[in-house]
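Reviewing the structure listed below.
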Amino acid sequence: MIMRPGQQLLLPANRAFIWSSLVVALAINMLGNVGLWGRAAWVPDLLAVTLVFWCVHQPLRIGVGVAFTFGLLMDVHQGAMLGQHALAYTVMAFFAVAMHRRLLWFAVPTQAVQVFPLLLAAHLLVLVVRMASGGTFPGWSFFLAPFIETALWPLVSVVLLAPQRRAPDPDENRPL
Amino acid sequence: MPLGTLDRTPPPFFKQGPSALSKLVVFSAVSLFLMVADLRLGLTAPLRSAIATALYPVQWAVMQPVQAAMGVGGYFTSLHRAQQTEADALRRLAQQADRHLQLEQMEMENRQLRELLAMRERISSPSIGAQVLYDTADPFSRRVVIDRGQTHGIVAGSPVIDESGVLGQVTRVYPLVSEVTLLIDRNQSIPVLNTRTGVRSVAFGQPSADGDGLELRYTLSSADIEEGDLLTTSGIDGVYPPGLPVARVTRVERRAESSFNRVQCEPLARVQGTLHVLVLGPTGLQLPPPPESEAAPSRQRRDRHGGTAVVPRSAP
(Lines give C-alpha, C1' and ligand atoms only; values in the text may rest on other atoms or scores of the structure.)
Protein backbone atom coordinates (compact mmCIF):
# COMPACT_ATOMS: atom_id res chain seq x y z
CA MET A 1 0.00 0.00 0.00
CA ILE A 2 1.40 3.39 -0.97
CA MET A 3 1.72 5.80 1.95
CA ARG A 4 2.32 9.48 2.00
CA PRO A 5 5.51 10.39 3.85
CA GLY A 6 5.01 11.62 7.39
CA GLN A 7 1.75 9.77 7.95
CA GLN A 8 1.23 7.68 11.02
CA LEU A 9 0.68 3.99 10.56
CA LEU A 10 -2.67 3.27 12.20
CA LEU A 11 -3.73 0.32 14.30
CA PRO A 12 -6.39 -1.88 12.71
CA ALA A 13 -9.93 -0.65 13.28
CA ASN A 14 -11.93 -2.49 15.90
CA ARG A 15 -15.12 -4.00 14.51
CA ALA A 16 -17.02 -3.45 17.74
CA PHE A 17 -15.95 0.19 17.83
CA ILE A 18 -17.20 0.80 14.28
CA TRP A 19 -20.61 -0.65 15.00
CA SER A 20 -20.98 1.00 18.37
CA SER A 21 -20.03 4.37 16.86
CA LEU A 22 -22.84 3.98 14.33
CA VAL A 23 -25.36 3.06 17.04
CA VAL A 24 -24.19 5.98 19.18
CA ALA A 25 -24.61 8.35 16.21
CA LEU A 26 -28.16 7.04 15.77
CA ALA A 27 -28.80 7.54 19.49
CA ILE A 28 -27.46 11.11 19.34
CA ASN A 29 -29.78 11.81 16.41
CA MET A 30 -32.67 10.47 18.48
CA LEU A 31 -31.61 12.47 21.53
CA GLY A 32 -31.56 15.68 19.51
CA ASN A 33 -35.05 14.93 18.28
CA VAL A 34 -36.57 13.73 21.55
CA GLY A 35 -34.96 16.13 23.96
CA LEU A 36 -33.68 19.21 22.24
CA TRP A 37 -34.95 20.27 18.85
CA GLY A 38 -38.15 18.43 18.01
CA ARG A 39 -38.78 18.51 14.30
CA ALA A 40 -36.55 21.47 13.42
CA ALA A 41 -35.36 21.18 9.83
CA TRP A 42 -31.80 22.41 10.26
CA VAL A 43 -30.68 19.68 12.68
CA PRO A 44 -27.55 17.95 11.31
CA ASP A 45 -27.70 14.22 10.70
CA LEU A 46 -24.73 12.82 12.62
CA LEU A 47 -25.50 9.30 11.47
CA ALA A 48 -24.97 10.36 7.84
CA VAL A 49 -21.56 11.85 8.66
CA THR A 50 -20.51 8.73 10.57
CA LEU A 51 -21.66 6.47 7.74
CA VAL A 52 -19.71 8.48 5.16
CA PHE A 53 -16.68 8.41 7.45
CA TRP A 54 -16.66 4.62 7.78
CA CYS A 55 -17.49 4.13 4.08
CA VAL A 56 -14.39 6.16 3.28
CA HIS A 57 -12.10 4.63 5.90
CA GLN A 58 -13.32 1.03 6.04
CA PRO A 59 -15.14 0.41 2.75
CA LEU A 60 -14.73 -3.35 3.12
CA ARG A 61 -16.67 -3.42 6.37
CA ILE A 62 -19.16 -0.57 6.12
CA GLY A 63 -20.72 -0.13 2.73
CA VAL A 64 -23.94 0.35 0.87
CA GLY A 65 -25.82 -2.44 2.65
CA VAL A 66 -25.11 -1.12 6.14
CA ALA A 67 -26.09 2.39 5.05
CA PHE A 68 -29.38 1.02 3.72
CA THR A 69 -30.12 -0.74 7.01
CA PHE A 70 -29.41 2.32 9.12
CA GLY A 71 -31.53 4.37 6.70
CA LEU A 72 -34.47 2.08 7.42
CA LEU A 73 -33.95 2.51 11.18
CA MET A 74 -33.90 6.27 10.72
CA ASP A 75 -37.12 6.15 8.67
CA VAL A 76 -38.94 4.18 11.32
CA HIS A 77 -37.71 6.38 14.15
CA GLN A 78 -38.74 9.55 12.36
CA GLY A 79 -42.10 8.11 11.33
CA ALA A 80 -41.23 9.22 7.82
CA MET A 81 -41.99 7.44 4.57
CA LEU A 82 -40.32 4.03 4.69
CA GLY A 83 -37.32 4.07 2.33
CA GLN A 84 -36.53 7.78 2.01
CA HIS A 85 -33.47 7.75 4.26
CA ALA A 86 -32.61 4.27 3.05
CA LEU A 87 -32.40 5.58 -0.51
CA ALA A 88 -30.49 8.72 0.48
CA TYR A 89 -27.96 6.81 2.59
CA THR A 90 -27.55 4.13 -0.11
CA VAL A 91 -26.65 6.72 -2.74
CA MET A 92 -24.44 8.59 -0.29
CA ALA A 93 -22.58 5.42 0.72
CA PHE A 94 -22.04 4.44 -2.91
CA PHE A 95 -20.37 7.74 -3.77
CA ALA A 96 -18.38 7.62 -0.52
CA VAL A 97 -17.05 4.17 -1.40
CA ALA A 98 -16.37 5.35 -4.95
CA MET A 99 -14.26 8.30 -3.77
CA HIS A 100 -12.52 6.65 -0.80
CA ARG A 101 -9.13 6.11 -2.51
CA ARG A 102 -8.93 9.70 -3.70
CA LEU A 103 -10.28 11.38 -0.58
CA LEU A 104 -7.71 10.00 1.86
CA TRP A 105 -4.84 11.73 0.02
CA PHE A 106 -6.14 15.11 1.11
CA ALA A 107 -5.85 16.91 4.42
CA VAL A 108 -8.92 16.78 6.64
CA PRO A 109 -10.31 20.30 5.89
CA THR A 110 -10.06 19.58 2.15
CA GLN A 111 -11.78 16.26 2.74
CA ALA A 112 -14.63 18.14 4.40
CA VAL A 113 -15.08 20.32 1.31
CA GLN A 114 -15.19 17.24 -0.90
CA VAL A 115 -17.68 15.46 1.36
CA PHE A 116 -20.08 18.42 1.29
CA PRO A 117 -21.67 17.57 -2.13
CA LEU A 118 -22.37 14.07 -0.86
CA LEU A 119 -24.22 15.28 2.22
CA LEU A 120 -26.07 17.91 0.22
CA ALA A 121 -27.10 15.28 -2.31
CA ALA A 122 -28.51 13.07 0.47
CA HIS A 123 -30.61 15.95 1.81
CA LEU A 124 -31.76 16.96 -1.66
CA LEU A 125 -32.79 13.40 -2.40
CA VAL A 126 -34.93 13.29 0.75
CA LEU A 127 -36.44 16.67 -0.12
CA VAL A 128 -37.28 15.68 -3.70
CA VAL A 129 -38.79 12.36 -2.65
CA ARG A 130 -40.94 13.94 0.05
CA MET A 131 -42.10 16.90 -2.00
CA ALA A 132 -43.05 14.53 -4.81
CA SER A 133 -45.14 12.47 -2.39
CA GLY A 134 -47.02 15.47 -1.03
CA GLY A 135 -45.06 16.66 2.00
CA THR A 136 -44.87 20.13 3.51
CA PHE A 137 -41.87 22.25 2.54
CA PRO A 138 -39.84 22.44 5.76
CA GLY A 139 -38.41 25.91 5.19
CA TRP A 140 -35.06 27.13 3.90
CA SER A 141 -33.26 26.24 7.13
CA PHE A 142 -33.37 22.70 5.76
CA PHE A 143 -30.33 23.57 3.62
CA LEU A 144 -28.34 24.57 6.69
CA ALA A 145 -28.01 20.93 7.75
CA PRO A 146 -25.37 19.83 5.16
CA PHE A 147 -23.21 22.84 6.07
CA ILE A 148 -23.27 21.91 9.76
CA GLU A 149 -22.54 18.29 8.87
CA THR A 150 -19.54 19.38 6.80
CA ALA A 151 -18.28 21.39 9.75
CA LEU A 152 -18.60 18.27 11.89
CA TRP A 153 -16.35 16.21 9.56
CA PRO A 154 -12.98 17.21 11.14
CA LEU A 155 -14.38 16.57 14.62
CA VAL A 156 -15.72 13.16 13.61
CA SER A 157 -12.37 12.37 11.94
CA VAL A 158 -10.46 13.06 15.14
CA VAL A 159 -12.86 11.24 17.45
CA LEU A 160 -13.38 8.12 15.35
CA LEU A 161 -9.69 7.69 14.49
CA ALA A 162 -8.52 8.18 18.07
CA PRO A 163 -8.61 4.46 19.00
CA GLN A 164 -6.49 3.64 15.94
CA ARG A 165 -3.88 6.23 16.89
CA ARG A 166 -2.99 4.62 20.19
CA ALA A 167 0.59 3.47 20.63
CA PRO A 168 1.11 -0.06 19.34
CA ASP A 169 3.25 -0.91 22.39
CA PRO A 170 1.68 0.72 25.50
CA ASP A 171 3.99 0.89 28.54
CA GLU A 172 4.13 2.79 31.84
CA ASN A 173 4.84 6.16 30.22
CA ARG A 174 2.35 5.70 27.36
CA PRO A 175 -0.70 3.94 28.77
CA LEU A 176 -2.74 4.74 25.69
CA MET B 1 0.87 15.33 13.43
CA PRO B 2 -1.24 15.05 10.27
CA LEU B 3 -4.47 13.16 10.56
CA GLY B 4 -3.25 9.97 8.97
CA THR B 5 -5.80 7.66 7.53
CA LEU B 6 -4.10 4.54 6.22
CA ASP B 7 -4.87 1.20 7.75
CA ARG B 8 -2.56 -1.77 8.22
CA THR B 9 -5.06 -4.40 7.15
CA PRO B 10 -4.13 -5.88 3.78
CA PRO B 11 -7.11 -5.79 1.42
CA PRO B 12 -8.42 -9.13 0.18
CA PHE B 13 -7.65 -9.21 -3.53
CA PHE B 14 -10.27 -11.58 -4.84
CA LYS B 15 -12.98 -11.98 -2.18
CA GLN B 16 -14.62 -8.57 -2.30
CA GLY B 17 -18.26 -9.56 -2.68
CA PRO B 18 -20.63 -7.82 -5.11
CA SER B 19 -19.45 -4.45 -6.42
CA ALA B 20 -20.65 -1.21 -4.86
CA LEU B 21 -22.48 -0.35 -8.07
CA SER B 22 -24.52 -3.55 -8.07
CA LYS B 23 -25.32 -3.03 -4.38
CA LEU B 24 -26.41 0.53 -5.17
CA VAL B 25 -28.76 -0.69 -7.87
CA VAL B 26 -30.26 -3.42 -5.70
CA PHE B 27 -30.72 -1.34 -2.56
CA SER B 28 -32.06 1.69 -4.45
CA ALA B 29 -34.61 -0.56 -6.10
CA VAL B 30 -35.59 -1.97 -2.70
CA SER B 31 -35.91 1.55 -1.28
CA LEU B 32 -38.09 2.67 -4.18
CA PHE B 33 -40.25 -0.41 -3.78
CA LEU B 34 -40.59 0.27 -0.06
CA MET B 35 -41.66 3.86 -0.73
CA VAL B 36 -44.33 2.78 -3.20
CA ALA B 37 -45.44 -0.02 -0.87
CA ASP B 38 -45.64 2.43 2.02
CA LEU B 39 -47.38 5.22 0.19
CA ARG B 40 -49.67 3.50 -2.31
CA LEU B 41 -50.07 -0.14 -1.38
CA GLY B 42 -50.00 0.07 2.44
CA LEU B 43 -48.03 -3.17 2.73
CA THR B 44 -45.26 -2.09 5.07
CA ALA B 45 -47.08 -1.96 8.41
CA PRO B 46 -45.68 -5.31 9.71
CA LEU B 47 -42.11 -4.43 8.66
CA ARG B 48 -42.37 -1.00 10.25
CA SER B 49 -43.82 -2.46 13.41
CA ALA B 50 -41.02 -5.05 13.63
CA ILE B 51 -38.29 -2.43 13.15
CA ALA B 52 -39.97 -0.12 15.65
CA THR B 53 -40.01 -2.88 18.24
CA ALA B 54 -36.33 -3.61 17.61
CA LEU B 55 -35.56 0.09 17.89
CA TYR B 56 -37.56 0.60 21.08
CA PRO B 57 -34.74 -0.28 23.56
CA VAL B 58 -32.51 2.40 22.00
CA GLN B 59 -35.34 4.93 22.09
CA TRP B 60 -36.10 4.01 25.68
CA ALA B 61 -32.45 4.42 26.67
CA VAL B 62 -32.28 7.79 24.91
CA MET B 63 -35.44 8.97 26.58
CA GLN B 64 -34.27 8.23 30.13
CA PRO B 65 -31.81 11.16 30.43
CA VAL B 66 -34.34 13.47 28.77
CA GLN B 67 -37.04 12.53 31.23
CA ALA B 68 -34.58 12.75 34.12
CA ALA B 69 -33.58 16.26 33.03
CA MET B 70 -37.24 17.24 32.76
CA GLY B 71 -37.83 15.82 36.22
CA VAL B 72 -34.95 17.82 37.68
CA GLY B 73 -36.17 20.95 35.89
CA GLY B 74 -39.66 20.40 37.28
CA TYR B 75 -38.25 19.91 40.77
CA PHE B 76 -36.51 23.25 40.69
CA THR B 77 -39.55 25.14 39.43
CA SER B 78 -40.12 27.88 41.93
CA LEU B 79 -42.73 27.50 44.64
CA HIS B 80 -44.45 30.63 43.43
CA ARG B 81 -45.07 29.16 40.02
CA ALA B 82 -46.33 25.92 41.49
CA GLN B 83 -48.81 27.84 43.63
CA GLN B 84 -49.89 29.88 40.64
CA THR B 85 -50.47 26.74 38.60
CA GLU B 86 -52.49 25.22 41.41
CA ALA B 87 -54.62 28.35 41.76
CA ASP B 88 -55.22 28.33 38.01
CA ALA B 89 -56.19 24.69 38.09
CA LEU B 90 -58.57 25.24 41.01
CA ARG B 91 -60.22 28.17 39.28
CA ARG B 92 -60.71 26.17 36.12
CA LEU B 93 -62.04 23.27 38.16
CA ALA B 94 -64.59 25.56 39.79
CA GLN B 95 -65.67 26.89 36.40
CA GLN B 96 -65.95 23.39 35.07
CA ALA B 97 -67.84 22.17 38.13
CA ASP B 98 -70.51 24.76 37.39
CA ARG B 99 -70.76 23.58 33.80
CA HIS B 100 -70.57 19.97 34.91
CA LEU B 101 -73.62 20.35 37.12
CA GLN B 102 -75.49 22.02 34.30
CA LEU B 103 -74.34 19.29 31.98
CA GLU B 104 -75.68 16.53 34.23
CA GLN B 105 -79.02 18.17 34.37
CA MET B 106 -79.07 18.76 30.64
CA GLU B 107 -77.98 15.23 29.94
CA MET B 108 -80.86 13.92 31.98
CA GLU B 109 -83.24 16.27 30.24
CA ASN B 110 -81.81 15.27 26.89
CA ARG B 111 -82.18 11.58 27.68
CA GLN B 112 -85.80 12.04 28.66
CA LEU B 113 -86.55 14.05 25.56
CA ARG B 114 -84.85 11.47 23.40
CA GLU B 115 -86.87 8.74 25.06
CA LEU B 116 -90.02 10.74 24.39
CA LEU B 117 -89.06 11.05 20.74
CA ALA B 118 -87.94 7.41 20.64
CA MET B 119 -84.52 8.34 19.27
CA ARG B 120 -81.31 6.40 19.62
CA GLU B 121 -79.11 6.93 22.66
CA ARG B 122 -76.14 9.14 22.10
CA ILE B 123 -72.96 7.22 21.73
CA SER B 124 -70.36 7.71 24.44
CA SER B 125 -66.91 6.44 23.64
CA PRO B 126 -64.34 5.03 26.09
CA SER B 127 -61.14 7.03 26.48
CA ILE B 128 -57.52 6.34 27.37
CA GLY B 129 -55.24 8.96 28.92
CA ALA B 130 -51.79 9.28 27.34
CA GLN B 131 -48.70 11.41 27.47
CA VAL B 132 -46.97 12.99 24.48
CA LEU B 133 -43.38 11.71 24.33
CA TYR B 134 -41.91 13.78 21.52
CA ASP B 135 -42.50 15.34 18.11
CA THR B 136 -41.49 13.06 15.25
CA ALA B 137 -38.27 14.26 13.66
CA ASP B 138 -39.73 14.31 10.16
CA PRO B 139 -39.89 18.01 9.17
CA PHE B 140 -42.20 17.23 6.24
CA SER B 141 -45.17 16.28 8.40
CA ARG B 142 -46.73 17.24 11.74
CA ARG B 143 -46.95 14.27 14.07
CA VAL B 144 -46.31 13.44 17.71
CA VAL B 145 -45.64 10.15 19.49
CA ILE B 146 -47.68 9.16 22.55
CA ASP B 147 -46.80 6.56 25.16
CA ARG B 148 -49.76 4.24 24.62
CA GLY B 149 -49.89 1.58 21.94
CA GLN B 150 -51.46 -1.65 20.80
CA THR B 151 -50.90 -3.33 24.17
CA HIS B 152 -52.92 -0.57 25.86
CA GLY B 153 -55.79 -0.93 23.43
CA ILE B 154 -55.17 1.98 21.07
CA VAL B 155 -56.78 1.57 17.66
CA ALA B 156 -55.62 3.33 14.51
CA GLY B 157 -58.06 6.08 13.55
CA SER B 158 -58.98 7.08 17.12
CA PRO B 159 -59.48 10.81 17.72
CA VAL B 160 -57.10 12.46 20.18
CA ILE B 161 -58.08 15.52 22.26
CA ASP B 162 -56.31 17.67 24.79
CA GLU B 163 -57.83 19.91 27.45
CA SER B 164 -59.00 22.57 25.00
CA GLY B 165 -59.96 20.79 21.81
CA VAL B 166 -59.30 18.17 19.15
CA LEU B 167 -55.58 17.56 18.63
CA GLY B 168 -55.56 14.99 15.86
CA GLN B 169 -55.96 11.35 15.03
CA VAL B 170 -53.95 8.19 15.71
CA THR B 171 -52.48 7.12 12.39
CA ARG B 172 -49.93 4.45 13.25
CA VAL B 173 -50.05 2.04 16.16
CA TYR B 174 -46.94 0.25 17.39
CA PRO B 175 -46.91 -2.29 20.23
CA LEU B 176 -45.88 0.23 22.91
CA VAL B 177 -46.26 3.70 21.37
CA SER B 178 -48.43 5.25 18.68
CA GLU B 179 -48.19 8.14 16.25
CA VAL B 180 -50.76 10.91 16.24
CA THR B 181 -51.12 13.05 13.13
CA LEU B 182 -51.96 16.60 14.22
CA LEU B 183 -54.83 18.54 12.68
CA ILE B 184 -52.33 20.93 11.10
CA ASP B 185 -50.71 18.17 9.02
CA ARG B 186 -51.20 18.69 5.33
CA ASN B 187 -52.85 15.31 4.81
CA GLN B 188 -55.24 15.66 7.73
CA SER B 189 -58.79 16.92 7.45
CA ILE B 190 -61.69 17.10 9.88
CA PRO B 191 -65.43 17.71 9.33
CA VAL B 192 -66.51 20.75 11.30
CA LEU B 193 -69.67 22.65 12.16
CA ASN B 194 -69.85 26.40 12.52
CA THR B 195 -71.57 26.83 15.90
CA ARG B 196 -72.94 30.28 15.03
CA THR B 197 -74.64 29.37 11.77
CA GLY B 198 -74.81 25.58 11.83
CA VAL B 199 -73.09 25.29 8.45
CA ARG B 200 -71.02 22.17 7.98
CA SER B 201 -67.71 22.07 6.16
CA VAL B 202 -64.33 20.37 6.20
CA ALA B 203 -61.17 21.92 7.67
CA PHE B 204 -57.84 20.95 6.13
CA GLY B 205 -54.45 21.18 7.77
CA GLN B 206 -52.27 23.96 6.43
CA PRO B 207 -48.71 23.77 7.77
CA SER B 208 -46.07 26.24 6.72
CA ALA B 209 -42.63 27.25 7.88
CA ASP B 210 -43.85 30.45 9.55
CA GLY B 211 -47.10 29.35 11.16
CA ASP B 212 -49.35 26.32 11.23
CA GLY B 213 -53.11 26.51 11.00
CA LEU B 214 -56.22 25.12 9.38
CA GLU B 215 -58.04 26.16 6.25
CA LEU B 216 -61.72 25.91 5.36
CA ARG B 217 -61.55 25.18 1.67
CA TYR B 218 -64.43 25.64 -0.75
CA THR B 219 -66.26 28.22 1.34
CA LEU B 220 -68.45 30.16 -1.08
CA SER B 221 -67.90 33.90 -1.04
CA SER B 222 -71.59 34.33 -0.21
CA ALA B 223 -71.30 32.05 2.85
CA ASP B 224 -72.02 33.49 6.27
CA ILE B 225 -68.71 33.24 8.06
CA GLU B 226 -66.96 35.75 10.27
CA GLU B 227 -63.74 36.06 12.13
CA GLY B 228 -64.06 34.59 15.62
CA ASP B 229 -66.55 31.87 14.68
CA LEU B 230 -66.10 28.68 16.69
CA LEU B 231 -65.84 25.43 14.76
CA THR B 232 -66.70 22.14 16.45
CA THR B 233 -66.73 18.58 15.17
CA SER B 234 -69.92 17.82 13.32
CA GLY B 235 -69.95 14.11 14.08
CA ILE B 236 -71.12 13.00 10.66
CA ASP B 237 -67.87 11.27 9.82
CA GLY B 238 -68.17 8.35 12.21
CA VAL B 239 -64.73 9.10 13.68
CA TYR B 240 -64.95 12.20 15.85
CA PRO B 241 -67.74 12.48 18.40
CA PRO B 242 -69.86 15.59 17.76
CA GLY B 243 -69.45 18.84 19.65
CA LEU B 244 -65.72 18.86 20.38
CA PRO B 245 -64.17 22.31 19.84
CA VAL B 246 -61.73 22.30 16.92
CA ALA B 247 -60.71 25.77 15.83
CA ARG B 248 -61.56 29.44 15.69
CA VAL B 249 -61.73 31.43 12.45
CA THR B 250 -58.94 34.00 12.39
CA ARG B 251 -59.07 35.47 8.90
CA VAL B 252 -61.61 35.60 6.10
CA GLU B 253 -60.15 36.83 2.84
CA ARG B 254 -62.45 37.71 -0.03
CA ARG B 255 -60.85 36.89 -3.34
CA ALA B 256 -61.98 38.71 -6.42
CA GLU B 257 -60.75 36.17 -8.95
CA SER B 258 -62.51 33.18 -7.40
CA SER B 259 -65.97 32.37 -6.15
CA PHE B 260 -64.48 30.89 -2.97
CA ASN B 261 -63.24 32.64 0.13
CA ARG B 262 -59.94 31.97 1.79
CA VAL B 263 -60.75 31.14 5.41
CA GLN B 264 -57.96 30.56 7.88
CA CYS B 265 -58.46 29.12 11.34
CA GLU B 266 -56.38 28.58 14.41
CA PRO B 267 -56.63 25.23 16.19
CA LEU B 268 -57.85 25.45 19.79
CA ALA B 269 -55.78 22.50 20.99
CA ARG B 270 -52.17 23.24 21.79
CA VAL B 271 -50.47 21.70 18.77
CA GLN B 272 -47.07 22.81 20.07
CA GLY B 273 -45.92 21.41 23.37
CA THR B 274 -49.02 19.76 24.76
CA LEU B 275 -48.23 17.06 27.31
CA HIS B 276 -51.34 15.15 28.36
CA VAL B 277 -53.91 13.95 25.86
CA LEU B 278 -56.96 11.72 25.81
CA VAL B 279 -57.41 9.07 23.13
CA LEU B 280 -61.09 8.42 22.41
CA GLY B 281 -62.43 5.27 20.80
CA PRO B 282 -63.52 5.91 17.22
CA THR B 283 -67.27 6.46 17.13
CA GLY B 284 -67.75 4.38 14.02
CA LEU B 285 -66.77 1.14 15.78
CA GLN B 286 -69.76 1.29 18.11
CA LEU B 287 -72.37 1.77 15.43
CA PRO B 288 -74.42 -1.33 14.66
CA PRO B 289 -73.68 -2.92 11.28
CA PRO B 290 -76.06 -1.76 8.54
CA PRO B 291 -78.81 -4.34 8.04
CA GLU B 292 -79.13 -6.16 4.74
CA SER B 293 -81.47 -4.37 2.40
CA GLU B 294 -83.38 -7.55 1.43
CA ALA B 295 -84.05 -8.48 5.03
CA ALA B 296 -86.12 -5.49 5.99
CA PRO B 297 -88.46 -4.47 3.18
CA SER B 298 -91.56 -5.02 5.32
CA ARG B 299 -90.30 -2.73 8.03
CA GLN B 300 -89.50 -0.06 5.48
CA ARG B 301 -93.01 -0.24 4.13
CA ARG B 302 -94.47 -0.04 7.60
CA ASP B 303 -92.58 3.17 8.33
CA ARG B 304 -94.59 6.24 7.48
CA HIS B 305 -91.69 8.39 6.38
CA GLY B 306 -89.64 5.70 4.59
CA GLY B 307 -85.87 6.29 4.68
CA THR B 308 -85.09 6.29 8.39
CA ALA B 309 -86.32 2.78 9.07
CA VAL B 310 -83.05 1.33 7.76
CA VAL B 311 -81.39 1.99 11.11
CA PRO B 312 -82.78 -0.40 13.71
CA ARG B 313 -83.90 1.06 16.98
CA SER B 314 -81.74 0.35 19.97
CA ALA B 315 -82.95 -2.12 22.54
CA PRO B 316 -84.47 -0.40 25.58
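A few points about this structure:
- Tally of residues being in contact (Cβ under 8 Å) with a residue 40 or more places away in the chain and away from chain A (no Cβ under 14 Å) across segment B:205-248: 21
- Sub-6 Å Cβ pairs linking a first residue in segment B:22-36 that is in the same structural domain as B:Ile51 (by TED's automatic domain parsing) to a second residue that is of a type in the set (D, E, K, R) and at pLDDT 90 or above, at least 6 apart or interchain, number zero.
- Residue in segment B:46-69 that is out of contact with any Asp or Glu (no Cβ under 7 Å at 6 or more places or on another chain) and either more than 30 Å from A:Met30 (Cα to Cα) or part of a loop (DSSP other than H, G, I, E, B) (or both) present: no
Conditions (1) surrounded by 15 or more Cβ atoms within 10 Å (Cβ to Cβ); (2) at the interface with chain B (Cβ under 10 Å from one of its Cβ atoms); (3) not aliphatic (A, V, I, L, M), marked per residue:
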site	(1), (2), (3)
A:Ala93	yes, yes, no
A:Ala107	no, yes, no
A:Ser133	yes, yes, yes
A:Thr136	yes, yes, yes
A:Trp140	no, yes, yes
A:Pro146	yes, no, yes
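- Residue under evaluation B:Leu216, criteria (1) more than 28 Å from B:Leu133 (Cα to Cα); (2) modelled with pLDDT under 80; (3) surrounded by 14 or more Cβ atoms within 10 Å (Cβ to Cβ); (4) within 23 Å of the chain's Cα centre (by Cα), criterion not met: (2)
- 3 or more residues in contact with a Ser or Thr (Cβ under 8 Å, 6 or more places away or on another chain) and closer than 19 Å to B:Pro57 by Cα: qualifying helices (runs of 4 or more DSSP H) within segment A:1-102: A:15-31
- Condition met for B:Gly4 (more than 26 Å from the chain's Cα centre (by Cα) and either at pLDDT below 85 or of a type in the set (Ser, Thr, Tyr) (or both)): yes
- Checking every residue in segment B:243-250 against the condition of being in a loop (DSSP other than H, G, I, E, B), of a type in the set (Lys, Arg) and closer than 17 Å to B:Ser164 by Cβ gives zero matches.
- Taken together, the residues in segment B:152-179 that are assigned to a loop (DSSP other than H, G, I, E, B), in contact with a strand residue (DSSP E or B) (Cβ under 6 Å, 6 or more places away or on another chain) and more than 14 Å from chain A (Cβ to nearest Cβ) amount to 4.
Residue-wise test of (1) more than 18 Å from B:Phe260 (Cα to Cα); (2) in a strand (DSSP E or B); (3) out of contact with any Asp or Glu (no Cβ under 6 Å at 6 or more places or on another chain); (4) hydroxyl-bearing (Ser, Thr, Tyr).
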{"position": "B:Thr181", "(1), (2), (3), (4)": "yes, yes, yes, yes"}
{"position": "B:Ile184", "(1), (2), (3), (4)": "yes, no, no, no"}
{"position": "B:Val192", "(1), (2), (3), (4)": "no, yes, yes, no"}
{"position": "B:Arg196", "(1), (2), (3), (4)": "yes, no, no, no"}
{"position": "B:Ser222", "(1), (2), (3), (4)": "no, no, yes, yes"}
{"position": "B:Gly228", "(1), (2), (3), (4)": "yes, no, yes, no"}
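- Neighbours by Cβ (under 7 Å, 6+ apart or cross-chain): first from segment A:95-107, under 14 Å from A:Ile62 (Cβ atoms); second in a loop (DSSP other than H, G, I, E, B) and of a type outside the set (A, V, I, L, M, F, W, C): A:Val97/A:Pro59; A:Val97/A:Gly63; A:His100/A:Pro59
- Segment B:49-60, residues that are more than 7 Å from every other protein chain (Cβ to nearest Cβ) and free of Cβ contacts under 8 Å to residues at least 60 places away in the same chain: B:Ala50, B:Ala54, B:Pro57, B:Trp60
- Residue within segment B:114-130 that is part of a strand (DSSP E or B) and within 14 Å of chain A (Cβ to nearest Cβ) present: no
The values are calculated or read from the model by the stated rules, or taken from the named source; none is laboratory data. Just so we're clear, the structure is a prediction, and the values are computed from it rather than from any experiment. Counting neighbours? That spans all protein chains shown, and the Cβs are built from the backbone with ideal geometry, glycine included.
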